[in-house]
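Below you'll find the structure, written out as structure tokens, and then a few comments.
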Amino acid sequence: MSVKDTLIAKLTDRFAPEYLAVIDQSNSHFGHAGWREGGETHFRVRIATRHFDGISRVAQHRMVMETLDAELKDRVHALAIEVLPVGGDYE
């Protein structure tokens with residue numbers, strides 16, 4: 001299973017998001033710290049879920065980081081997190 005697929009599976013299982021996009025941005029970081037041949041090192045997560053209702057942005061980000069802890073300690077060098085409103089326009 002690819003790193004991207006693992007991130008999607010874990011976030012879906014934990015948060016049952018209304019919307020989820022996991023974008024591999026590794027190619028944009030060629031030559032930067034943490035970049036490796038084959039990519040899957042730099043990701044952007046865009047997520048909308050009721051699990052974040054009433055929770056501060058810091059707490060939301062911590063929840064995502066805790067969910068992806070193993071990947072962040074291994075293959076993922078950088079993770080950008082965008083929490084979107086439930087019922088929003090996601091495109």
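What follows is calculated from the coordinates using simple rules that are stated; it is not laboratory data. Please read these numbers as outputs of a predicted model, since none were measured by experiment. Because the Cβ atoms are built from the backbone with ideal geometry, glycine has one as well, and the counts that use them run over all protein chains shown.
With angles folded into 0 to 90 degrees, how steeply does helix 3-15 sit against the dominant principal axis of the chain? Use alpha carbons for both and round to 10. For helix 3-15, the angle is close to 20 degrees.
If the segment from residue 16 to residue 80 were pulled out straight at 0.36 nm per residue, it would be longer than the present Cα-Cα gap by 21.1 nm.
What is the chain by shape, rounded, prolate or oblate, if you read a ≥ b ≥ c off the alpha carbon gyration tensor as root eigenvalues and call it rounded for a/c under 1.5, prolate for a/b larger than b/c, and oblate otherwise?
prolate
Computed from the Cβ-Cβ distance with R0 of 35 Å, the FRET efficiency linking residue 71 to residue 91 stands at 0.85.
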